[in-house]
Amino acid sequence: MDTKALALAEKDYIIGERRRFHAHPELGTEEYETTKHIAEELRRMGIDVRTFDDITGCVGTLRGGRPGKTVMLRADIDALPIQEADLTKPYASRNPGVMHACGHDCHTAMLLGAAKILAAHREKIPGTVKFIFQMAEEIGTESRHYVEKGCLDGVDAIYGMHVWIQLPTGTVNIEDGPRMACSDRFTVRIHGKAAHGSQPHKGHDSILAAAAVVMALQSLVSRVNDPQNTFVLTTGMMNGGTRDNIVAAETELVGTVRAFDKDFRRSVPELIRKTAEKTAEAYGCTAECSYFFGPAPLINGCHALNETARNAAKKILGESALAPMERQMGAEDFSVYLEKTPGLYAYLGCRNEAKGLVSPHHSVTFDVDEDALPAGAALYAQFALDFLAGK
Ligand code: NI
């Protein structure tokens, strides 16, 4: 099956779908019309579709002509609470304040393109292909719902992909090892004792203690952490006090933690707790800590699958298509799937300087080079075929 030629033949369909989704963006968990349209398209292709009563998104199942393994291809479908800048584009967002500013419209369209190609040649497929159109990637770990509902049961490999504006059209990045960081949230509540601001010795100043905790937490990065280990700790919020002349009884700190090492990540809540408690104590205060584990680090941990994907990419985009790229400090809830099923995450170049398509993801002027999209559909399809063929 010549997936490259088949995808090029579907170029109008893929770009048309992308533009349709771009014009009608919906926020995470609210992708009702998006899900309805995807399900209709899949059913039109003769693909079984599973939708859900309590969440958006859907899963298509295509059984091939011969028995074999099961591979899952994943697209995320949600948009962002961003107002698109240029409303003169024919496919500009018609939903004020909501925009496909990360490219998930492209993922959805590319995966529909792949489904269409594969469904038309199902008799040649040695196994089963599942298509997961996932809601709410931008929110955190909503992908867990599909795991909990058993959507990944029996899946032997999963492939995810993101259009990437830092990489030129015609290139793709598929590397072994950590590709994205975790994104966790910590909260430290400092309890002190109020007093009049003119008599601070009669209270315990939670703001002063909180300031010391902010400083001490940075020393975890610079002194406790091995400098070879990437670790970011940012205190992004500090809220405390009630009046200018009252020693603040309560102050709250909230921040984010990014890391690639899974074991190290597990140790961070305890490091924060000890540091916050001991520091607060020195100021006569107490600290109460909580920690929310967001998406785990995204690690392309299976070399054989990465090789399958790299070889598939060379077939579609040529021998020199594979581009190196630094791992990213952002996060992706695709990592939730990788905790259950072997798989990998690829980045598809969609940058075109000649066309002025260079705006970063999540910006009000974000847009992609649509010429990259047929290749993306072909990559999805080719990976599925090669995996099922045991290549
Ligand atoms: Ni994204």
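The values are calculated or read from the model by the stated rules, or taken from the named source; none is laboratory data. Everything numeric in this text was worked out from a predicted model, so none of it was measured. With ideal geometry, Cβ positions are generated from the backbone for all residues, glycine too; neighbour counts draw on all protein chains shown. These accessible areas exclude ligands, DNA and RNA; they are computed on the full protein's heavy atoms, side chains included. Shrake-Rupley method; radii C 1.70, N 1.55, O 1.52, S 1.80 Å.
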### Query
What are the residues in segment 100-115 that are within 12 Å of the ligand (Cβ to nearest atom) and open to solvent by less than 10 Å² (accessible area, probe 1.4 Å), if any?
His100, Ala101, Gly103, His104, Asp105, Cys106, His107, Thr108
### Message
Condition (residue is within 13 Å of the ligand (Cβ to nearest atom), under 30 Å from Gly97 (Cβ atoms) and under 20 Å from the mean Cα position of the chain (by Cα)) applied to segment 348-359: is it met by at least one residue?
### Response
yes
### Message
Pairs needed: first member in segment 64-78, more than 29 Å from Glu31 (Cβ to Cβ) and without any contact (Cβ under 8 Å) to a residue 24 or more places away in the chain; second member anywhere, away from the ligand (no atom under 16 Å from the Cβ) and of a type in the set (Gly, Ala, Ser); C-beta distance under 8 Å; at least 6 residues apart or different chains.
### Response
none
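Could you pull out every one of the strands (runs of 3 or more DSSP E) wholly within segment 225-307 that has 2 or more residues that are under 30 Å from Gly203 (Cα atoms)? Give the derivation first.
On the way: elements: 231-240, 250-259, 286-292, 298-300.
By residue number, 231-240, 250-259, 286-292.
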### Residue under evaluation Thr141, criteria (1) touching a strand residue (DSSP E or B) at 6+ places or on another chain (Cβ under 9 Å); (2) at pLDDT below 95, criterion not met
(1)
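Answer yes if at least one residue in segment 181-189 is β-branched (Val, Ile, Thr), within 30 Å of Ala287 (Cα to Cα), more than 16 Å from the ligand (Cβ to nearest atom) and touching a residue at least 60 places away in the same chain (Cβ under 8 Å), and no otherwise. Please lay out each step first, then the result.
Going residue by residue through segment 181-189, those that are β-branched (Val, Ile, Thr) are 187-188.
Narrowing further to those that are within 30 Å of Ala287 (Cα to Cα): 187-188.
Those still in the list that are more than 16 Å from the ligand (Cβ to nearest atom) too: 187-188.
Retained after the next criterion (residues that are touching a residue at least 60 places away in the same chain (Cβ under 8 Å)): 187-188.
Checked against the condition, which is being β-branched (Val, Ile, Thr), within 30 Å of Ala287 (Cα to Cα), more than 16 Å from the ligand (Cβ to nearest atom) and touching a residue at least 60 places away in the same chain (Cβ under 8 Å), segment 181-189 yields at least one hit.
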### Query
Would you say Ala377 is crowded, with 24+ Cβ neighbours inside 10 Å and in contact (Cβ under 8 Å) with a residue 60 or more places away in the chain?
yes
### Query
Just wondering, is there one or more residues in segment 328-347 that are open to solvent by less than 70 Å² (accessible area, probe 1.4 Å), without any contact (Cβ under 8 Å) to a residue 24 or more places away in the chain and away from the ligand (no atom under 16 Å from the Cβ)?
no
### Query
Identify, please: which residue in segment 220-241 is among the small types (Gly, Ala, Ser) and more than 15 Å from Ala276 (Cβ to Cβ) and is, among those, least open to solvent (accessible area, probe 1.4 Å)?
Gly241
### Message
Take Ala372 and tell me if it is closer than 23 Å to Cys102 by Cβ, over 17 Å from the mean Cα position of the chain (by Cα) and surrounded by fewer than 22 Cβ atoms within 10 Å (Cβ to Cβ).
### Response
no
### Task
May I ask you to list the residues in segment 351-374 that are in contact with a Leu (Cβ under 7 Å, 6 or more places away or on another chain) and either within 24 Å of Pro81 (Cβ to Cβ) or polar (S, T, N, Q) (or both)?
His362, Asp367, Val368
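Residue check: is Ile139 within 13 Å of the ligand (Cβ to nearest atom) and open to solvent by 40 Å² or more (accessible area, probe 1.4 Å)? I'd like the intermediate steps shown before the answer.
Values: within 13 Å of the ligand (Cβ to nearest atom): yes; open to solvent by 40 Å² or more (accessible area, probe 1.4 Å): yes.
Yes; evaluated as a whole, the condition is true for this residue.
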### Task
Only residues that are under 30 Å from Ala389 (Cβ atoms) and open to solvent by less than 50 Å² (accessible area, probe 1.4 Å): list them for segment 60-99, please.
Gly60, Thr61, Leu62, Gly64, Thr70, Val71, Met72, Leu73, Arg74, Ala75, Asp76, Ile77
### Task
Within segment 297-327, count every residue that is at positive phi and within 16 Å of the ligand (Cβ to nearest atom).
0
